[in-house]
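The values are calculated or read from the model by the stated rules, or taken from the named source; none is laboratory data. None of the values given here were measured: they were computed from a predicted structure. Here Cβ is always computed from backbone atoms with ideal geometry, including for glycine, and neighbour counts include all displayed protein chains. These accessible areas exclude ligands, DNA and RNA; they are computed on the full protein's heavy atoms, side chains included. Shrake-Rupley method; radii C 1.70, N 1.55, O 1.52, S 1.80 Å.
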Amino acid sequence: MAAEKIFLYNNTSLVQDEVLAHRLGLIPIRADPRLFEYRPEGQDRPEVEQNANSGDTIEFALKIKCKRNPKAAKDCTDPDELYINRNVYSKHLKWLPIGEQPKLFEKHGGIRPVHEDILIAKLGVGQEIELKMHCVKGVGKDHAKWSPVATATYRMLPEITLLRPIMGEQAHRLQKCFAPGVIEVVEENGEPTAKVVNPRLDTANREIFRHDDLKEIVKMGRVRNHFLFSVESTGCLPPQELVTEALLVLKNKCRVLIREIEENWLKSS
């Protein structure tokens with residue numbers, strides 16, 4: 001869910017209307033998109049402000065004005081102390097429930113921006129912003145604001161092999177060459193001995209090659225058929241749910257592809 005339509009009533013700030021609307025659109029909204037439907041085509045005209053449905057639209061309002069702080073000290077020079085509402089944050093967005101939305105989302109803690117400290121604009125004394133915005137469901141290929149994933153990466157599982165036992169002072173130096181938790185030094189027959197405990201934590205640094213007596217007895221590589229995926233969410237859904245939903249989409253695309261292949265094969269035969 002992301003802001004698609006901004007109904008701007010008043011904006012006397014230095015931020016242009018288009019830039020303000022763009023910044024609002026990129027604010028991640030804490031709402032489960034699976035509980036909403038895609039908005040039908042033809043219902044997203046800018047002039048249709050009241051055409052908001054509880055099943056496909058989330059409405060927010062923002063009304064804020066910067067004023068002088070009468071309680072500020074006379075010798076104060078800090079703008080944040082001199083003025084009230086100088087900074088407009090995402091926490092100032094007020095959710096306006098539509099229809100049955102309060103009953104549906106009260107168990108989820110309501111609807112709000114994922115982060116409350118996202119800076120939207122800075123105001124001077126007397127400047128104000130008044131607007132409403134409609135958030136609708138979309139997909140990331142249409143615009144990045146609808147992508148629930150911040151970053152997604154993968155790498156192969158590191159493989160660290162000790163070609164011979166490494167003991168004593170060498171074991172402690174070997175441990176310092178890797179990220180914490182990769183190598184542990186344990187006592188074996190009264191002698192400190194290095195053991196590979198968790199190669200998953202390795203950051204692929206090459207510190208070991210600075211030590212001539214260690215680089216020849218440690219083999220570093222990758223497990224070619226073991227991949228580590230990392231998915232970072234924008235906050236609308238937990239990452240584990242994002243991966244599950246992505247796999248469901250992939251399965252549906254595979255079904256469509258198989259059906260198309262079968263239909264074309266039947267036609268050609």
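Among the residues of region 101-137, what is the count of those that are under 13 Å from ILE58 (Cα atoms) and under 16 Å from the mean Cα position of the chain (by Cα)? Please lay out each step first, then the result.
Just the residues of region 101-137 that are under 13 Å from ILE58 (Cα atoms), to begin with: 101-102, 104-105, 110-113, 132-137.
Imposing the further condition that a residue be under 16 Å from the mean Cα position of the chain (by Cα) reduces the set to 112-113.
The qualifying residues number 2.
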Only one of (1) of a type in the set (S, T, N, Q); (2) closer than 20 Å to ILE208 by Cα; (3) open to solvent by 40 Å² or more (accessible area, probe 1.4 Å) does not apply to THR193, and that is (3)
Here the residues within region 186-199 that are within 15 Å of THR161 (Cα to Cα) and in a strand (DSSP E or B) are THR193, ALA194, LYS195, VAL196
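Within the bounds of region 150-163, is there any residue that is without any contact (Cβ under 8 Å) to a residue 24 or more places away in the chain, open to solvent by 40 Å² or more (accessible area, probe 1.4 Å) and among the β-branched types (Val, Ile, Thr)? Full working, then the answer.
Applying the first criterion (without any contact (Cβ under 8 Å) to a residue 24 or more places away in the chain) to region 150-163 yields none.
No: region 150-163 contains no residue that is without any contact (Cβ under 8 Å) to a residue 24 or more places away in the chain, open to solvent by 40 Å² or more (accessible area, probe 1.4 Å) and among the β-branched types (Val, Ile, Thr).
Out of LYS215, LYS267, LYS219, report the one residue that is open to solvent by 80 Å² or more (accessible area, probe 1.4 Å), among the basic types (Lys, Arg) and free of Cβ contacts under 8 Å to residues at least 40 places away in the same chain. Before you say what the answer is, go through the steps one by one.
Details: LYS215 fails: open to solvent by 80 Å² or more (accessible area, probe 1.4 Å); LYS219 fails: free of Cβ contacts under 8 Å to residues at least 40 places away in the same chain.
Every option except LYS267 fails the conditions.
Checking the condition out of contact with any Gly (no Cβ under 9 Å at 6 or more places or on another chain), open to solvent by 40 Å² or more (accessible area, probe 1.4 Å), touching a residue at least 12 places away in the same chain (Cβ under 8 Å) and farther than 30 Å from ARG222 by Cβ, which residue from HIS143, HIS172, HIS108 passes?
Details: HIS143 fails: out of contact with any Gly (no Cβ under 9 Å at 6 or more places or on another chain); HIS172 fails: farther than 30 Å from ARG222 by Cβ.
When all the criteria are applied, what remains is HIS108.
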When every residue in region 1-50 that is at pLDDT 90 or above, open to solvent by 60 Å² or more (accessible area, probe 1.4 Å) and in a loop (DSSP other than H, G, I, E, B) is compared, the one nearest to ALA144 (Cα to Cα) is LEU26
(1) among the charged types (D, E, K, R); (2) over 23 Å from ALA2 (Cβ atoms); (3) in contact (Cβ under 8 Å) with a residue 40 or more places away in the chain all hold for GLU100 apart from (2)
